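Accompanying notes for the structure given below.
The values are calculated or read from the model by the stated rules, or taken from the named source; none is laboratory data. Here the structure is a predicted model, which means the values were calculated and not measured. Here the Cβ positions follow ideal geometry from the backbone for every residue, glycine too, while neighbour counts run over all protein chains shown.
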Amino acid sequence: MTIIVTDRGFAADDFARPIHPLEGVEALKDGEGIEIGPADDPGALIPLLGRIGLIRIRFPVFADGRGFSHARDLRRCGYAGRLRAAGHVLADQYAMCRRSGFDEVEIDEALAARQPQDQWLARANWRDHWYQARLRAPLCA
Amino acid sequence: MYRYNDFDEAFVRERVRQFRAQVERRIDGSLTEDEFRPLRLMNGLYLQLHAYMLRVAIPYGTLRVDQMRRLADIAERWDRGYGHFTTRQNIQFNWPRLKDVPDILDALADVGMHAIQTSGNCVRNVTADHFAGAAADEIADPRPVAELLRQWSTDHPEFQFLPRKFKIAITGSPNDRAVTRAHDIGLRMIRNAAGEPGYEVLVGGGLGRTPMLGQVIRDFLPAEDLLPYVEAILGAYNLKGRRDNKYKARIKITVFENGLDAFRAEVEKRFARLRSEWKGADRALLAEIERHFAPPAFREAPLDEYEAFRAANPAFRAWTDTNLHPHRAPGYAIVTISLKKPGATPGDATAHQMRVMADLAEAYGHGELRVSHEQNIVLPHVHRSDLPAIWQRLREADLATANVGLVSDIIACPGMDYCALATARSIPVAQAIARRFEELDIEHEVGPLKIKISGCINACGHHHVGHIGILGLDRAGVENYQITLGGDGTETASLGEKMGPGFPAEEIVGAVERLVLGYLAIRRDAEETFLQTVRRVGLEPFKGFLYGTEARDAA
């Protein structure tokens, strides 16, 4: 079982629809999910953004920051649906995820055991101490 | 000078609180060593050869008196009584204990300082002309923009895990003292034909194992577009930069492999898309920051006593000849305090010396100090009538070396004495060269000459842009020093060219001496500098000085 982290802490995954890999995008039905990896070009999704129920951006390793730019780009292109960072994401990166436009983070049980809920909730104040918000209108508040 | 507002203050306190928790979470196993590493790096904490090293940011090289005093306190309380000023306007403490680091960061926060993003694969401390706001040749003061960039880059959510480190430098003067062409992004404040302020934007410069000079990606960027454009460059780099090989991961390689035109097209596409996110709050903030950098109230005073003292005292006169730079205000000078006394470690200052410099800045320097990328300390605003008093205090503190810009004003990385990456020593080489020229007593005759020494191919000593560059390598367990000639980090930037086979440690000082004596023999006249002579005659005569039969016989 994976764990979904939001500003309220840990929860079970409540997204019950199929999540397609980017190369299987033709099979997408309204409200279903799409998954992309760091090396993918999410540009192909732009015409479909209104139909997608969830975009899951994979983080194979926490040190690969491409997912943050993908999230920003998808929001810039008007994606208003659910956006999830999934994989090796640290509690220390939770605020970066939220500020980049992610709604939630998906982690496995081992990581959740090592970095329990309180370590994530410690960063749930991501709207505070945020230079970017001072420099421009908040991204998707 | 910039003073933290409530937001900045709360930010650094929160950041220290987070780091304190990260140290605890590393110890309790919540964070693995691999996970902790980038987190400590983005808070300035390295693991070096013998101990941890804390690198503290001195944004755009500007320090207040209370900040310099706090650095002295930290050196005494938590380190071994000294600090090392670096080529990127930081100060490094070489011996802190991990458990003390959060307390050190709190002590820094008390005076509006931090160690954020002085390391790691993120946007590093933004550097600027160390004579900013004072130099006679300046078009505009780059420090407010550097502060804006500091705030923009700090904890930027998209750019904390870039392919590699990212360095930005800015100058507001046509005479480039910030080495902008050797940075990932170099910014030059200019005006267009209509007189409007903006930037020439350079991208893809860097030294290291693959030295490249930055290229112009935008010849005129309107001032108000700076942050969105820089953000577009960073976004393009974050996605296109290589992550398969750390030695190919800097933006210079991204630009080189994709081609400047293709990279520019990508940047412009992103810029067009994200520009509308910027609605003017950044401009309002910049206007507020600019108020912090209002020039001090300059005074007028007679210069008779200064001139008389200068005429009567050759040592003082020699110091004023080398260590002063023209100031924009009448009667004023910019003073460079050399941290390069022959035999000392370039860039090191003791706690006592830091306090003396702070006292002088308080008494005579409108409360301001600067750190130069050449590892010296600058008093940017000094009335010449105060120079005799300053010089006498500096002499008492062993800080009155009259060698700025000369042979013994050497830039050197920490090298194998401290650094885990180094393949050779650099500090002892710098010390030995400085001592040799002190004995020869010819450095004032030689004139401007920049020697830069790196102890490995990562080039922290900037040897590629030294008039004489020295690179220390490891050849089968033996230190070997390669010489490059003709490098230049200014507006006439060029990369030094390799001369030929390297020299063992015991021969490198003699090799440098032969180059310098050779220059003296062939220069057109005393006005022709070393670099001008190299550019006029090329490398061949100098190869003769280095490797010729005369030299071999003499050795």
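Examine segment A:96-113 for a residue that is more than 8 Å from chain B (Cβ to nearest Cβ), surrounded by fewer than 21 Cβ atoms within 10 Å (Cβ to Cβ) and either among the basic types (Lys, Arg) or in contact with a His (Cβ under 6 Å, 6 or more places away or on another chain) (or both), and state whether such a residue exists. There is no residue in segment A:96-113 that is more than 8 Å from chain B (Cβ to nearest Cβ), surrounded by fewer than 21 Cβ atoms within 10 Å (Cβ to Cβ) and either among the basic types (Lys, Arg) or in contact with a His (Cβ under 6 Å, 6 or more places away or on another chain) (or both). Checked against (1) assigned to a helix (DSSP H, G or I); (2) modelled with pLDDT of 95 or more, B:Pro302 meets all criteria but (1).
If you take the residues of segment B:307-341 that are in a loop (DSSP other than H, G, I, E, B) and under 20 Å from the mean Cα position of the chain (by Cα), which of them is surrounded by the fewest Cβ atoms within 10 Å (Cβ to Cβ)? Here the answer is B:Lys341. Considering (1) more than 14 Å from chain A (Cβ to nearest Cβ); (2) outside any strand (DSSP E or B), the lone condition that B:Glu231 does not fulfil carries the number (1).
Restricting to segment B:527-541, and then to whatever is under 27 Å from the mean Cα position of the chain (by Cα) and not aliphatic (A, V, I, L, M), can you tell me which residue is nearest to B:Glu497 (Cα to Cα)? If you could, list the steps in order and put the result at the bottom.
Keep residues of segment B:527-541 that are under 27 Å from the mean Cα position of the chain (by Cα), which gives B:528-535.
Then drop every residue that is not not aliphatic (A, V, I, L, M), which leaves B:528-530, B:532-533, B:535.
Working: B:Glu528: 20, B:Thr529: 18, B:Phe530: 15, B:Gln532: 15, B:Thr533: 15, B:Arg535: 11 Å.
Ranking the qualifying residues of segment B:527-541, first place goes to B:Arg535.
Entry remark, segment B:240-262: residues being surrounded by 17 or more Cβ atoms within 10 Å (Cβ to Cβ) and either in contact with a strand residue (DSSP E or B) (Cβ under 7 Å, 6 or more places away or on another chain) or closer than 14 Å to B:Gly205 by Cα (or both) number 8 in total.
If only one of B:His130, B:His156 is in contact with a strand residue (DSSP E or B) (Cβ under 9 Å, 6 or more places away or on another chain), within 17 Å of B:Leu227 (Cβ to Cβ) and assigned to a loop (DSSP other than H, G, I, E, B), which one is it? Explain how you work it out, then say what you get.
On the way: B:His130 fails: within 17 Å of B:Leu227 (Cβ to Cβ).
Of the residues listed, the single one that is in contact with a strand residue (DSSP E or B) (Cβ under 9 Å, 6 or more places away or on another chain), within 17 Å of B:Leu227 (Cβ to Cβ) and assigned to a loop (DSSP other than H, G, I, E, B) is B:His156.
State all residues of segment B:265-312 that are under 24 Å from B:Tyr60 (Cβ atoms) and of a type in the set (Phe, Trp, Tyr); if no residue qualifies, say none.
The initial filter retains those residues of segment B:265-312 that are under 24 Å from B:Tyr60 (Cβ atoms), namely B:278, B:280-298.
Across segment B:265-312, the qualifying residues are B:Trp278, B:Phe293, B:Phe298.
Is it the case, given these coordinates, that B:Ser153 is within 27 Å of A:Ala63 (Cα to Cα), out of contact with any Ser or Thr (no Cβ under 8 Å at 6 or more places or on another chain) and either modelled with pLDDT of 95 or more or more than 14 Å from chain A (Cβ to nearest Cβ) (or both)? Considered against the rule, which asks whether it is within 27 Å of A:Ala63 (Cα to Cα), out of contact with any Ser or Thr (no Cβ under 8 Å at 6 or more places or on another chain) and either modelled with pLDDT of 95 or more or more than 14 Å from chain A (Cβ to nearest Cβ) (or both), B:Ser153 comes out as yes.
Within segment B:358-367, not a single residue is surrounded by fewer than 24 Cβ atoms within 10 Å (Cβ to Cβ), among the aliphatic types (A, V, I, L, M) and part of a loop (DSSP other than H, G, I, E, B). Listed by position, the helices (runs of 4 or more DSSP H) enclosed by segment B:1-108 that each have at least 2 residues that are free of Cβ contacts under 8 Å to residues at least 12 places away in the same chain are B:6-27, B:33-41. Residue selection: B:Asn403 fails the criterion of being touching a helix residue (DSSP H, G or I) at 6+ places or on another chain (Cβ under 9 Å) and under 19 Å from B:Gly510 (Cα atoms). When segment B:394-438 is filtered for residues that are more than 22 Å from B:Gln89 (Cβ to Cβ), assigned to a loop (DSSP other than H, G, I, E, B) and among the acidic types (Asp, Glu), only B:Asp398 remains. Residues of segment B:159-178 that are in a loop (DSSP other than H, G, I, E, B), under 16 Å from the mean Cα position of the chain (by Cα) and within 14 Å of chain A (Cβ to nearest Cβ): B:Lys165 alone.
Within segment B:281-299, being without any contact (Cβ under 8 Å) to a residue 24 or more places away in the chain, surrounded by 11 or more Cβ atoms within 10 Å (Cβ to Cβ) and not in a helix (DSSP H, G or I) holds for no residue.
What are the residues in segment A:69-92 that are assigned to a helix (DSSP H, G or I), closer than 22 Å to B:Glu277 by Cβ and facing chain B (nearest Cβ under 9 Å), if any? It would help to see each step written out before you state the result.
In the first step, residues of segment A:69-92 are kept if they are assigned to a helix (DSSP H, G or I); the result is A:69-76, A:91-92.
From the residues that got through so far, the ones that are closer than 22 Å to B:Glu277 by Cβ too are A:69-76.
Residues satisfying the conditions are A:Ser69, A:His70, A:Ala71, A:Arg72, A:Asp73, A:Arg76.
Once segment B:133-150 is narrowed to residues that are of a type in the set (D, E, K, R) and not in a loop (DSSP other than H, G, I, E, B), the residue that is nearest to the other protein chains (Cβ to nearest Cβ) is B:Arg150. If you check B:Ile217 against the conditions, is it more than 21 Å from the chain's Cα centre (by Cα), among the aliphatic types (A, V, I, L, M), surrounded by 15 or more Cβ atoms within 10 Å (Cβ to Cβ) and not in a strand (DSSP E or B)? Spelling it out, it is not the case that B:Ile217 is more than 21 Å from the chain's Cα centre (by Cα), among the aliphatic types (A, V, I, L, M), surrounded by 15 or more Cβ atoms within 10 Å (Cβ to Cβ) and not in a strand (DSSP E or B). Does A:Val25 satisfy the condition of being surrounded by 18 or more Cβ atoms within 10 Å (Cβ to Cβ), among the aliphatic types (A, V, I, L, M) and not in a loop (DSSP other than H, G, I, E, B)? Answer is no for this residue.
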